[in-house]
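Here the structure is laid out as structure tokens; the discussion comes afterwards.
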Amino acid sequence: KDWKSAIAHFETAVGVGKKAIEEFKALGKDEDVIEVVHQTLWFLAVKAESLLEPARFQALKEEVAHSEVDLREASERAGTEYALCLWNEASGDIAFDLEADYEKALAHYRKASTLGEKLGDSMLLARIDGSIAILQRFRALGEEYAQNRREILEEAIRLAERAARTLEVSHYTTLLLDAHSTLAACYTDLSTLTEIETKKKRNLLKKAVE
């Protein structure tokens, strides 16, 4: 029942988003188009992965690609750092979750992070920090050499901690839980995949459960 309800909410949100996009495009309101397409792409490229069957999720690629073009074009017309930040964030989400292209995703997230820092928007930056942290954990798992894994995981921890500090103030529960979950996973990975000394392994695992 809960799963069916979640699917229904997802489909409603996407449907409302699509309708709003068309209306704002007809009115020539690029700023509104950017906001709504960005949010709709999050549902299609991120939320959908946890709700839909793999085949149905992958079937969204064409629709997502079309929406990404809408977002890019509207962002380029607007030309603001905020608009370009949202486009890069969404493109990172698509590359990460839908395309599984981690290097492409990282490049987009890095650009979004740089723009977020210029804007001084702490919540936006915390959201991007969290995305990079999760991505870096996945990248680390694919690294052949322990030292490379360590460096990537340590960056993921720094970013997840920074995101958590901001999110604890704002009480944004969902993203805060994601940040803490990422921290625990990264400390566990550091212990099991990179560390040799027993005492250091134990200390890292202790941090993972704190």
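At-a-glance table
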{"item": "In segment 136-210, the chymotrypsin sites (Phe, Trp or Tyr not before Pro) that fall in loop regions by DSSP, at most 15 other Cβ within 10 Å", "result": "Y145"}
{"item": "Candidate aspartates and glutamates for bridging to K207, where Cα separation is under 17 Å - those fewer than 8 sequence places away on the same chain excluded", "result": "E154, E155, E161, D178, D189, E195, E197"}
{"item": "Per residue accessible area in Å² of the chain, where ligands, DNA and RNA are left out and the probe is 1.4 Å", "result": "56 Å²"}
{"item": "Taking segment 23-140 and dividing mean pair separation by its residue count, relative contact order in percent (alpha carbons under 8 Å, at least six apart)", "result": "23 percent"}
{"item": "Relative contact order computed over the chain (Cα-Cα under 8 Å; 6+ residues apart), in percent", "result": "13 percent"}
{"item": "Phi to ³J(HN,Hα) by Karplus 6.51 cos²θ - 1.76 cosθ + 1.60 over segment 28-38, Hz, x for Gly, Pro", "result": "x, 9, 4, 4, 6, 4, 4, 4, 6, 5, 4"}
{"item": "Top positive-direction residue, dipole computed over segment 14-169 with Cβ charges, set L124, N148, A20", "result": "N148"}
{"item": "Length gained when the stretch H66-E11 is fully extended (0.36 nm per residue, less Cα-Cα span)", "result": "18.0 nm"}
{"item": "Rg in Å to one decimal, and Dmax rounded to a whole Å, for the chain via C-alpha atoms", "result": "18.4, 63"}
{"item": "V46 accessible area, assembled protein chains, probe 1.4 Å, Å²", "result": "40 Å²"}
{"item": "Derived scalar couplings ³J(HN,Hα) [segment 162-177; Karplus, 6.51 cos²θ - 1.76 cosθ + 1.60; whole Hz; x for Gly, Pro]", "result": "5, 4, 4, 4, 5, 6, 5, 6, 7, 6, 7, 4, 4, 5, 5, 4"}
{"item": "Residue with peak Gaussian network fluctuation, the chain [Cα springs, cutoff 10 Å], from L153, L141, L44", "result": "L141"}
{"item": "Within the chain: Cβ-based charge dipole about Cα centre, in debye rounded to nearest 20 (Lys, Arg +1; Asp, Glu -1)", "result": "800 debye"}
{"item": "In sequence order, calculated HN-Hα J values of segment 113-128 (Karplus, 6.51, -1.76, 1.60; Hz; x Gly/Pro)", "result": "5, 4, 5, x, 5, 4, 6, x, 8, 5, 5, 4, 5, 4, 4, 5"}
{"item": "Listed residues V169, V33 arranged by accessible area, highest first, probe 1.4 Å", "result": "V169, V33"}
{"item": "In degrees, nearest ten, helix 61-78 long axis to first principal axis of the chain (Cα)", "result": "80 degrees"}
{"item": "Extended-chain gain in nm, criterion 0.36 nm per residue less alpha-carbon gap, K199 and K4", "result": "65.5 nm"}
{"item": "Accessible-area value, S170, 1.4 Å probe, nucleic acids and ligands omitted, Å²", "result": "50 Å²"}
{"item": "Carbon + sulfur, % of accessible area of segment 1-126 - ligands and nucleic acids excluded, 1.4 Å", "result": "54 percent"}
{"item": "Restraint check, K61/K111; K104/K201; K18/K104; K18/K47; K19/K47, Cα-Cα greater than 21 Å", "result": "K61/K111; K104/K201; K18/K104"}
{"item": "T80 long-range amide H proximity, modeled H, under 5 Å", "result": "none"}
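The values are calculated or read from the model by the stated rules, or taken from the named source; none is laboratory data. Bear in mind that the values here come from a model prediction, so they are computed numbers and not experimental data. Every residue, glycine as well, gets a Cβ built from its backbone with ideal geometry; the counts of neighbours run over all protein chains shown. Each accessible area value is taken on the protein alone, full model and side chains, heavy atoms only, with ligands, DNA and RNA left out. Shrake-Rupley method; radii C 1.70, N 1.55, O 1.52, S 1.80 Å.
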